[in-house]
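Here's the structure we're looking at; comments come further down.
The values are calculated or read from the model by the stated rules, or taken from the named source; none is laboratory data. If you're wondering where the values come from, they're calculated on a predicted model, not measured in any experiment. All Cβ positions, glycine included, derive from the backbone under ideal geometry; neighbour counts span all protein chains shown. Keep in mind that these areas ignore ligands, DNA and RNA; they rest on the heavy atoms of the full protein, side chains included. Shrake-Rupley method; radii C 1.70, N 1.55, O 1.52, S 1.80 Å.
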Amino acid sequence: MRSIRARLLIGLLASVLAVQIVMYSMIYARIEDEIDDLFDSELERSALSAGSVPQQAVIPTPARQVEDPQEEMVVSVFKASDPLPSYQTHRLSGIPRSTPIGFSKLKLDGMEWRLFASAVRGQFVVAAQPADVRNRAARRITQRSLLPSLGALPLAALMIWIAVAYGLRPLGRITQDLRKRSHRDLLPLDVSRLPPDIAPLAEALNDLMGRLAGIIATQRTFIADAAHELLTPLTALRLQAQMLARSKSPSRQREAMAELQGGVARTLQLARQLLTLARHDADGELADKTEVDLATVIQRVLSIHLPLATEKALQTEIGIQESAIVLGNEEALSILVSNLIDNSIKYTERDGRLLVSLRPACAGAELKIEDSGPGIPLEERARVFDRFYRRRDTMVTGNGLGLAIAKEIADRHGASIVLESSEALGGLSARVLFHTAKAA
């Protein structure tokens, strides 16, 4: 029963059959009423005509074909004072002289009879007929009307099957179109000629293929960028290893070893950030969302970075007016805060200042990280979120992925990052607006 055609066929046939049953139930009730009226009129005519013939005459049965003698009408004629009938068209005992005038019912020998009594010219006449004859006649008429309709059900099933098959042809065309495509063909389906019932399905498929095309394009770009960015540090590592091998003096070997270790550290950092970026690209929508306390995340990240700030003699200030709860991934939010703080520490000169604050904002919360560094020119603030983008005049080592990762995570959490000039410290101000945060 997984087939749509089978479900529609069975459902429509069952509906047709149910409608026929209801219709013929109504017809049967109507036929019963008509037959009752017809047979009552016949009873009345027989009784009245029996009272108008001579007493010695035999009263004939009305000219009606019967299949069972018990269905024949029995007319009994009583003289004025006799308790038993003087004449009967068929022998039937039990008809009482006290039968009320008009129509009535009487049970004789376990069978229900319909009676009509009348006083005609000094005689009392009772016409009786089995009540069941009416029901059988109504059933026969109904069955004769119903059988042709039942015989037409196979034809109706065939017509329904053809109609359903014709209606499902657009789905067949979509299936054939998708089967003919290669795995690289993610062009949208043509929905202009599709029925309005199937068009939403095709539009949903187009939306899915569009997202898949975007993910594949992102992956290809990521692989190309990653290969390009890894090539430079790996080449440098090879050169540093060759220099170490050619070094003769211990001092030169120590210098070459230090340079090699620094290159390895930078390459490892690049690899970690590439893996982080790849993971957030693959995740798409956040999974395993939980309520995350931003104040706790900030304090934990600061405890990791404070030794670096202390090493550069940075004056670090923390201002948390009120904590906030964000629905998201705690690890991803920690990376977001860590990348922003790490950027501020790296680009701020020695003896500078760093200010980290969290405060309520309009319909959410605002995390602000300010520093006294050189800042970012206005024309470059949009480009610094591009992957692997680095300013040409910077002397700070890096790979241009920190802000790109931070923006990816912010987008996943429905937040936005705004880069401005810091009015308090004169350097860069990075504001993260969490639009769905609530007070802790």
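Taken over region 319-369, residues that are within 37 Å of the chain's Cα centre (by Cα), part of a helix (DSSP H, G or I) and of a type in the set (Gly, Ala, Ser) amount to 2. Taking the criterion of being exposed (fewer than 13 other Cβ atoms within 10 Å of the Cβ) and either modelled with pLDDT of 85 or more or touching an Asp or Glu at 6+ places or on another chain (Cβ under 8 Å) (or both), the residues of region 252-302 that qualify are THR290, GLU291. Scanning region 208-244 for residues being modelled with pLDDT of 80 or more and open to solvent by 80 Å² or more (accessible area, probe 1.4 Å) gives a total of 2.
Filtered by the rule that a residue be surrounded by fewer than 19 Cβ atoms within 10 Å (Cβ to Cβ), in contact with a helix residue (DSSP H, G or I) (Cβ under 7 Å, 6 or more places away or on another chain) and touching a residue at least 40 places away in the same chain (Cβ under 8 Å), region 319-341 gives SER323, GLU330.
Put simply, of LEU425, LEU403 the only residue that is more than 39 Å from the chain's Cα centre (by Cα) and not in a strand (DSSP E or B) is LEU425.
Among residues of region 408-429 that are touching a residue at least 24 places away in the same chain (Cβ under 8 Å) and closer than 16 Å to GLU380 by Cα, those with a beta-carbon under 6 Å from a residue that is open to solvent by 50 Å² or more (accessible area, probe 1.4 Å) and of a type in the set (D, E, K, R) at least six positions away or on a different chain give the pairs ILE417/LYS407; SER429/GLU420. Of the residues making up region 115-174, those that are without any contact (Cβ under 8 Å) to a residue 40 or more places away in the chain, within 28 Å of LEU17 (Cα to Cα) and open to solvent by less than 50 Å² (accessible area, probe 1.4 Å) number 2.
Where residues in region 23-81 are part of a loop (DSSP other than H, G, I, E, B) and touching an Asp or Glu at 6+ places or on another chain (Cβ under 9 Å), which of them is modelled with the highest pLDDT? Per the criteria, the residue is MET73. Only one of the numbered conditions (1) open to solvent by less than 40 Å² (accessible area, probe 1.4 Å); (2) part of a strand (DSSP E or B); (3) of a type in the set (S, T, N, Q) is violated by THR316, and that is (1).
Open to solvent by less than 60 Å² (accessible area, probe 1.4 Å), at pLDDT 85 or above and hydrophobic (A, V, I, L, M, F, W, C): is that true of LEU401 in this structure? Criteria not met by LEU401. Among all residues of region 366-385, there is at least one that is within 18 Å of THR316 (Cβ to Cβ) and among the hydroxyl-bearing types (Ser, Thr, Tyr).
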